[in-house]
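First the structure, in the form of structure tokens, and then the observations on it.
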Amino acid sequence: MSVEIRVASEKDASLWDRLVESSPHGTIFHTWKWLKIAEKHTNSRLYPLIGYKGTEPVGIFPLFFQKKTFLKMVFSPPPHVAIIYLGPVLVDYDKLKRSKREINFVEFQKQIDEFIKEELKANYISISLPPGLPDPRPFQWNGYEVEPAYEYVIDLSKGIEYIWQKNYDKKLRENINRAIRRGIYIEEGGKKELEVIYDLMIERYAEQDRIVTVPKEYLLDVYDAFSENIKIFVAKYEEEIITGTIDIYYKDKIVSWIGNPRPRVKISPSPNDLLNWEAMKYACEHSFRYYEMIGAAGNERLHSYYSKCNPELLVRFSVKKCSFIAKCLETSYVKILKPMSARFRLSRRK
């Protein structure tokens, strides 16, 4: 029996979310509400695809379509919404025997690729697979370029004392204790604190001649829709917020999502060490299993800082397929247009 692809509608939203919830690689970014918010803020059209064998779903795949001049582009996830990974969610992936699992995945991906080719006629496709989906071969067999990507994760199951003594190195523990003695303290926040963190990030990025590409309005919409899944921590010194983090809680994992900007005034030791420690303590106290530091392991500038807490290295995959013209346009954008656009927006802010 072959796989049939259907475009989901609002009436399928509850089914969609049940499939995300039950899959080992379904993330909060896959949920229906989050996808619709991302669609709203990315000038994209969302195609939430469900694959069926008969009446039984075998997988879901959110695709975001954008059209610009000569390019018809498909993303999963779309750019500029602080989603590092998305891609497919496969039903019963952890329960099926390998033969059945691979047959479903290969057939499902072939039909997804056919939809992209025939219905969307895309000439540029970029997909980042979620953690927990370790097999990029169906994409490779369909002509995609495959590259590894990395995340750091800490197993919280042994408890916070074990993490303090065994994961955190001596220098990191000393920095946390020194920050406390200096009078830095951590508080939980809400939407107001989210906006402060965002403004601190804009300042920090400007110092590095970079720009924050994630819209503040998007973050506020996400907060309103997912306030029960979002925890905001801020570090204060002399009653002033000096840094903060926006974390996401879903299933058994906390994701350190956005934030940790360096304070505008130099403070030693870094308050971010204490900030991350308090967030991890909260996760342990509320029985979460994993703490993921999203985007840190694959960043040459950040990995040495976050490796001090001895995390495990989690490997996932990104895949890409594009025409020759699309590849040339991508190269021109990355090397010429993107830097020029960034400099122009920075000059306007100054």
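The values are calculated or read from the model by the stated rules, or taken from the named source; none is laboratory data. These numbers come from a predicted model, not from an experiment. Glycine gets a Cβ as well: all are built from the backbone with ideal geometry, and neighbour counts include every protein chain shown. Ligands, DNA and RNA are excluded from the accessible area calculation, which covers all protein heavy atoms including side chains. Shrake-Rupley method; radii C 1.70, N 1.55, O 1.52, S 1.80 Å.
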Checklist outcome for this item: Within the stretch 114-137, residues under 23 Å from Tyr290 (Cβ atoms) and in a loop (DSSP other than H, G, I, E, B) come out as Leu129, Pro130, Pro131, Gly132, Leu133, Pro134, Asp135, Pro136
Checklist outcome for this item: Among Lys236, Lys266, Lys231, the single one that is of a type in the set (D, E, K, R), more than 23 Å from Asp17 (Cβ to Cβ) and at pLDDT 95 or above is Lys236
Checklist entry - In the stretch 313-326, which residues are surrounded by 13 or more Cβ atoms within 10 Å (Cβ to Cβ) and either at pLDDT 80 or above or outside any loop (DSSP other than H, G, I, E, B) (or both)? => result Leu314, Arg316, Phe317, Ser318, Val319, Lys320, Lys321, Cys322, Ala326
Checklist outcome for this item: Scanning the stretch 171-194 for residues that are in contact (Cβ under 8 Å) with a residue 24 or more places away in the chain and either closer than 15 Å to Gly259 by Cα or assigned to a strand (DSSP E or B) (or both) gives Tyr185, Ile186, Glu187, Glu188, Gly189, Gly190, Lys191, Glu193, Leu194
Checklist entry - Which one of the conditions (1) under 18 Å from Ala8 (Cβ atoms); (2) open to solvent by 20 Å² or more (accessible area, probe 1.4 Å); (3) not aliphatic (A, V, I, L, M) does Lys121 fail to meet, given that it meets all the rest? => result (1)
Next on the checklist: I need every pair where a residue in the stretch 149-169 that is in contact (Cβ under 8 Å) with a residue 24 or more places away in the chain has its Cβ under 6 Å from the Cβ of a residue that is of a type in the set (Lys, Arg) and in a strand (DSSP E or B), sequence separation at least 6 or different chains.
Outcome noted: Ala149/Arg316
Checklist outcome for this item: Scanning the stretch 70-99 residue by residue, those of a type outside the set (A, V, I, L, M, F, W, C) and open to solvent by 30 Å² or more (accessible area, probe 1.4 Å) turn out to be Lys72, Pro79, His80, Asp92, Asp94, Lys95, Lys97, Arg98, Ser99
Checklist entry - Which one of the conditions (1) more than 27 Å from Asp252 (Cα to Cα); (2) open to solvent by less than 70 Å² (accessible area, probe 1.4 Å); (3) free of Cβ contacts under 8 Å to residues at least 12 places away in the same chain does Lys53 fail to meet, given that it meets all the rest? => result (3)
Next on the checklist: Please go through the stretch 199-242 and give me each residue that is farther than 22 Å from Ser268 by Cβ and outside any helix (DSSP H, G or I), ordered by number.
Outcome noted: Asp209, Arg210, Ile211, Val212, Thr213, Val214, Pro215, Phe226, Ile230, Lys231, Ile232
Next on the checklist: Looking at the stretch 245-259, I want the residues that are part of a strand (DSSP E or B) and at pLDDT 95 or above and have a partner that is open to solvent by 20 Å² or more (accessible area, probe 1.4 Å) and of a type in the set (D, E, K, R) with Cβ atoms under 7 Å, at least 6 apart or on another chain. Which pairs are those?
Outcome noted: Asp247/Lys231; Tyr249/Lys231; Lys253/Arg289
Checklist entry - Which members of the stretch 251-268 meet the condition of being over 19 Å from Ala297 (Cβ atoms) and open to solvent by 40 Å² or more (accessible area, probe 1.4 Å)? => result Lys251, Asp252, Arg262, Arg264, Val265, Lys266, Ser268
Next on the checklist: Looking only at the stretch 269-302, how many residues end up being surrounded by fewer than 16 Cβ atoms within 10 Å (Cβ to Cβ) and either touching a Ser or Thr at 6+ places or on another chain (Cβ under 6 Å) or touching a residue at least 40 places away in the same chain (Cβ under 8 Å) (or both)?
Outcome noted: 3
Checklist entry - If only one of Glu107, Glu151 is charged (D, E, K, R) and open to solvent by 20 Å² or more (accessible area, probe 1.4 Å), which one is it? => result Glu107
Checklist entry - (1) over 24 Å from the mean Cα position of the chain (by Cα); (2) surrounded by 14 or more Cβ atoms within 10 Å (Cβ to Cβ); (3) over 19 Å from Gly59 (Cα atoms): which one isn't true of Tyr144, the others all being true? => result (1)
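Have a look at Phe65, Phe61, Phe29 and point out the one that is among the aromatic types (Phe, Trp, Tyr) and open to solvent by 20 Å² or more (accessible area, probe 1.4 Å). Steps first, answer last, please.
Values: Phe61 fails: open to solvent by 20 Å² or more (accessible area, probe 1.4 Å); Phe29 fails: open to solvent by 20 Å² or more (accessible area, probe 1.4 Å).
Just a single option satisfies the conditions, and that option is Phe65.
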